[in-house]
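A.B. asks: My questions all concern the structure below.
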Amino acid sequence: MKIAVLGAGNMGLSFSKSFLKYELIKPENLHLITRSQSRISSISEEFPTSKVSAFENITELEADLIIIAVKPQDFQFVAENIHFKLKENQMVLSIMAGIKIGKIQKLLNHALVVRAMPNSPTLLGMGITGYTAAEGISFSQLINIERLLNSAGRSVYLENEELLDGVTALSGSGPAYFYYIVDAMIKAGIEMGIEENLSKLFVNQTMLGAYHLINNSEKNLEELIQDVASKGGTTEAALKTFEENNFKEILKNGILNAEKRAKELNG
């Protein structure tokens, strides 16, 4: 299998590393395409036996799968400035937020499109990706795509493309919400007189332990909260403040606004 990655940024490169790590493709069958001439040498250093090219120099593309990993805002420009012709049997996998399959098909004048939404933990092979496909893509082609996506974590197939904007808001943007809360907790620790590195250690390890408890406990989230929040205690005092200030609603509304923005990106 030959793969070309159009838009060799963080996400495109992290998937490429995963493909090579799990030997899903040979390095010489990987073609990395960047819009930035200045990045060619650094990408070539990282992928010494793969082909690295500037976008404007591509007049023909020998690949079974073309992964489009450019910013959604740049897609129209990229589509209008492609100098090569897509072959009928080439598969296109988009990992751009918000851009619908119909729009990709129209701008590329190409039918075989799979749309996926990964998140940043794919950099560590711990991502989760929601994906959906255009009509006319066979089961075996989908299985191949899933194998590639799973190399960077886990993947979930969604029948309904509309749900991908929700996935974008929930897991695509989700790591940033988590970092935001972790940051607030670390800053609270510093304000209470705990040295920054120590505050980080306490918060990071607490989050890690809490994640494992969610995964390994028979209890639901409400019960896990109640286990920590004894009557009249310290946790209850914090939770009361969260409730009084509608913290859960604020967080939920933020995520719904992220979904709204994902829908707007399709233009």
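The numbers here are math on the coordinates, done by the rules we state, and not lab data. Fair warning: this is a prediction, and the values are worked out from it, not measured in the lab. We place every Cβ from the backbone using ideal geometry, glycine too, and count neighbours over all the protein chains shown.
A.B. asks: Quick one: count up the residues across the stretch 117-129 that are touching a helix residue (DSSP H, G or I) at 6+ places or on another chain (Cβ under 6 Å) and hydrophobic (A, V, I, L, M, F, W, C).
C.D. replies: So the count comes out to 3.
A.B. asks: Only residues that are under 22 Å from residue 87 (Cα atoms), in contact (Cβ under 8 Å) with a residue 40 or more places away in the chain and not aliphatic (A, V, I, L, M): list them for the stretch 23-74, please.
C.D. replies: 35, 55, 62, 64, listed by residue number.
A.B. asks: Separate question: Among (1) under 26 Å from residue 248 (Cβ atoms); (2) assigned to a strand (DSSP E or B), there is one condition residue 93 misses while meeting the rest; what is its number?
C.D. replies: Looking at each condition in turn, residue 93 falls short on (1).
A.B. asks: Let me ask something else. Checking residue 245 against (1) exposed (fewer than 11 other Cβ atoms within 10 Å of the Cβ); (2) of a type outside the set (Lys, Arg); (3) within 27 Å of the chain's Cα centre (by Cα), which single condition isn't satisfied?
C.D. replies: (3)
A.B. asks: Say whether the condition of being basic (Lys, Arg) and either closer than 22 Å to residue 88 by Cβ or in contact with a Cys (Cβ under 6 Å, 6 or more places away or on another chain) (or both) is met by at least one residue in the stretch 131-150.
C.D. replies: Checking the stretch 131-150: not a single residue is basic (Lys, Arg) and either closer than 22 Å to residue 88 by Cβ or in contact with a Cys (Cβ under 6 Å, 6 or more places away or on another chain) (or both).
A.B. asks: Any residue in the stretch 153-171 that is basic (Lys, Arg) sitting within a Cβ distance under 6 Å of a residue that is buried (at least 18 other Cβ atoms within 10 Å of the Cβ) and not in a helix (DSSP H, G or I)? List the pairs, counting only those 6 or more apart or interchain.
C.D. replies: Going by the 6 Å Cβ cut-off, the qualifying pairs are 154/128.
A.B. asks: Still on this structure: Select from the stretch 130-171 the residues that are farther than 19 Å from residue 266 by Cβ and part of a strand (DSSP E or B) and write down the one among them that is farthest from the chain's Cα centre (by Cα).
C.D. replies: Among those that are farther than 19 Å from residue 266 by Cβ and part of a strand (DSSP E or B), it is 157.
A.B. asks: Has the stretch 96-112 got any residue that is under 16 Å from residue 14 (Cβ atoms) and surrounded by 15 or more Cβ atoms within 10 Å (Cβ to Cβ)?
C.D. replies: Residues of the stretch 96-112 under 16 Å from residue 14 (Cβ atoms): 96-97.
From what is left, the residues that are surrounded by 15 or more Cβ atoms within 10 Å (Cβ to Cβ) are 96-97.
Yes: one or more hits.
A.B. asks: All but one of (1) in a loop (DSSP other than H, G, I, E, B); (2) out of contact with any strand residue (DSSP E or B) (no Cβ under 7 Å at 6 or more places or on another chain) hold for residue 256; which doesn't?
C.D. replies: (1)
A.B. asks: Kindly evaluate residue 118 against the criterion of being in contact (Cβ under 8 Å) with a residue 60 or more places away in the chain and not aromatic (Phe, Trp, Tyr).
C.D. replies: yes
A.B. asks: So which residues in the stretch 10-59 are more than 23 Å from residue 74 (Cβ to Cβ), in a helix (DSSP H, G or I) and over 22 Å from the mean Cα position of the chain (by Cα)?
C.D. replies: 27, 28, 29, 45
A.B. asks: Let me ask another. Please state which one of 104, 95, 128, 143 is touching a Pro at 6+ places or on another chain (Cβ under 8 Å) and free of Cβ contacts under 8 Å to residues at least 60 places away in the same chain.
C.D. replies: Within the list 104, 95, 128, 143, the selection yields 128.
A.B. asks: Continuing with this model, one more query. Filter the stretch 216-263 for residues that are under 18 Å from residue 166 (Cβ atoms) and among the β-branched types (Val, Ile, Thr) and give the result.
C.D. replies: Residue satisfying the conditions is 255 alone.
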